[in-house]
Amino acid sequence: MPKELKSKEDFDKLLEEATEIRVSKSGESAKVKLRTPDALYTLKTTAEEADAMVKGAKIPVQEF
């Protein structure tokens, strides 16, 4: 069962541990999913913020 993150700061901390990032966009909103060795984390945000958050990531980013 995925765990929902409530803030961008939590997302940034877990980004270092992530092995994969998935971005699901639906209109103006987006859901960013981080796969870590332990769990799957999700964060609901806007499409623009999602693009900015994963722009500098050094791991694979898949968009759906």
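The table below gives the values:
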{"quantity": "Number of the exception - residue 44 against (1) exposed (fewer than 15 other Cβ atoms within 10 Å of the Cβ); (2) over 9 Å from the mean Cα position of the chain (by Cα); (3) not aromatic (Phe, Trp, Tyr)", "calculated": "(2)"}
{"quantity": "Residue among 32, 54 that is closer than 15 Å to residue 12 by Cα, modelled with pLDDT of 95 or more and among the aliphatic types (A, V, I, L, M)", "calculated": "32"}
{"quantity": "Subset of the stretch 52-64 (residues that are surrounded by 15 or more Cβ atoms within 10 Å (Cβ to Cβ) and without any contact (Cβ under 8 Å) to a residue 40 or more places away in the chain)", "calculated": "54"}
{"quantity": "Residue tally, condition without any contact (Cβ under 8 Å) to a residue 40 or more places away in the chain, assigned to a loop (DSSP other than H, G, I, E, B) and within 16 Å of residue 57 (Cβ to Cβ), over the stretch 5-47", "calculated": "4"}
{"quantity": "Qualifying positions in the stretch 8-34 - basic (Lys, Arg) and touching a Phe, Trp or Tyr at 6+ places or on another chain (Cβ under 8 Å)", "calculated": "22, 25, 33"}
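The values are calculated or read from the model by the stated rules, or taken from the named source; none is laboratory data. All figures in this text were calculated on a predicted structure; none of them were measured in a lab. With ideal geometry, Cβ positions are generated from the backbone for all residues, glycine too; neighbour counts draw on all protein chains shown.
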